[in-house]
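The values are calculated or read from the model by the stated rules, or taken from the named source; none is laboratory data. If you're wondering where the values come from, they're calculated on a predicted model, not measured in any experiment. Ideal geometry is used to build each Cβ from the backbone, glycine not excepted, and the neighbour counts take in all protein chains shown. Surface areas here come from the heavy atoms of the whole protein model, side chains and all, with no ligands, DNA or RNA. Shrake-Rupley method; radii C 1.70, N 1.55, O 1.52, S 1.80 Å.
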Amino acid sequence: MGPSADRVKVALADDQAVVRMGLRALIDREPDLEFAGEAADGAAALRLLRETRPDVLLLDIRMTGMDGIATLRAIAADPDLNGTRVVVVTTFEIDEYVFAALQAGASGFLLKDSAPEELAHAIRVVASGEALLSPSVTKKVIGRFGRHDAAPVEGLDMLTPREREMVAWVATGRSNAEIAKELVISPDTVRTHVSRAMVKLRARDRAQLVVFAVRSGLTVP
């Protein structure tokens, strides 16, 4: 399921009422965003997703009751729900939950004190199928988790050397245009290789490619 032609449906889950209020105010003021509902914990969030089928869920990780990681795993495990893109809204840019959230299916991360225009932009980016991972986040994730726990990823042996290289570049947090500039090739060429890698690895978005790169120990040459 993707966003409608004119409006992106957005739901939010956070156990702090004041945070929910602020996020709802942001969504309500954007003409291309539509507020789909709110929840104070993971169990309520899952019910909300089933009822409203939003395009994007803004999800807090540290909630009382069913937390964000458990909620992400439940969404990923339910074919009726995993069409919703999830943006984790966190207090810290990097902590022990970030890689777990990526593995569980998060499409990106946002800081709770981000500017309103950054939040709105993030919703649109993720709704369009892109990942929202800043270079600083991916660098720290790879630095913390990439040196160990390397594990085979199904489909990795099907990638061409160029596709493997592109997956490694995606894991640096760079956009297609930035990768193209680094390699002195066209953005369309990068997009083609990245798209083929995603198909072979059955990755839902670029965030999942980051996970696969870290798990496989892929690094930029």
Margin query: Residues that are over 30 Å from residue 28 (Cβ atoms), touching an Asp or Glu at 6+ places or on another chain (Cβ under 8 Å), modelled with pLDDT of 75 or more and part of a helix (DSSP H, G or I): does the stretch 158-174 have at least one?
Written below: yes
Margin query: For the stretch 38-52, which positions are open to solvent by less than 40 Å² (accessible area, probe 1.4 Å) and in contact with an Asp or Glu (Cβ under 7 Å, 6 or more places away or on another chain)?
Written below: 42
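Quick grid of which residues meet (1) modelled with pLDDT of 90 or more; (2) under 26 Å from residue 173 (Cα atoms):
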site	(1), (2)
36	yes, no
41	yes, no
50	yes, no
61	no, yes
64	no, no
76	no, yes
102	no, yes
Check: Quick one: in the stretch 53-65, which of the residues that are of a type in the set (D, E, K, R) and in contact with a helix residue (DSSP H, G or I) (Cβ under 9 Å, 6 or more places away or on another chain) is surrounded by the fewest Cβ atoms within 10 Å (Cβ to Cβ)?
Finding: 62
Notebook entry, point to check: Name the residues in the stretch 84-94 that are open to solvent by 20 Å² or more (accessible area, probe 1.4 Å) and at pLDDT below 85, would you?
Noted result: 91, 92, 93, 94
Check: Taking the stretch 13-35 as the search range and keeping residues that are in contact with a helix residue (DSSP H, G or I) (Cβ under 7 Å, 6 or more places away or on another chain) and open to solvent by less than 20 Å² (accessible area, probe 1.4 Å), which one is nearest to residue 129 (Cα to Cα)?
Finding: 33
Check: How many residues, within the stretch 185-216, are part of a loop (DSSP other than H, G, I, E, B) and surrounded by fewer than 15 Cβ atoms within 10 Å (Cβ to Cβ)?
Finding: 3
Check: Being among the polar types (S, T, N, Q), open to solvent by 10 Å² or more (accessible area, probe 1.4 Å) and either over 20 Å from residue 8 (Cβ atoms) or touching a residue at least 24 places away in the same chain (Cβ under 8 Å) (or both), is that true of even one residue in the stretch 66-79?
Finding: no
Check: Does residue 125 qualify as being surrounded by 18 or more Cβ atoms within 10 Å (Cβ to Cβ), modelled with pLDDT of 65 or more and farther than 14 Å from residue 212 by Cβ?
Finding: no
Note to self: farther than 16 Å from residue 102 by Cβ and open to solvent by 50 Å² or more (accessible area, probe 1.4 Å): which single residue out of 182, 165 fits that description?
What the structure shows: 182
Notebook entry, point to check: Among (1) at pLDDT 75 or above; (2) closer than 25 Å to residue 200 by Cα; (3) of a type in the set (Gly, Ala, Ser); (4) open to solvent by 20 Å² or more (accessible area, probe 1.4 Å), where does residue 115 come up short?
Noted result: (2)
Check: What is the number of the single condition among (1) modelled with pLDDT under 95; (2) open to solvent by less than 30 Å² (accessible area, probe 1.4 Å); (3) not in a loop (DSSP other than H, G, I, E, B) that residue 10 does not meet?
Finding: (1)
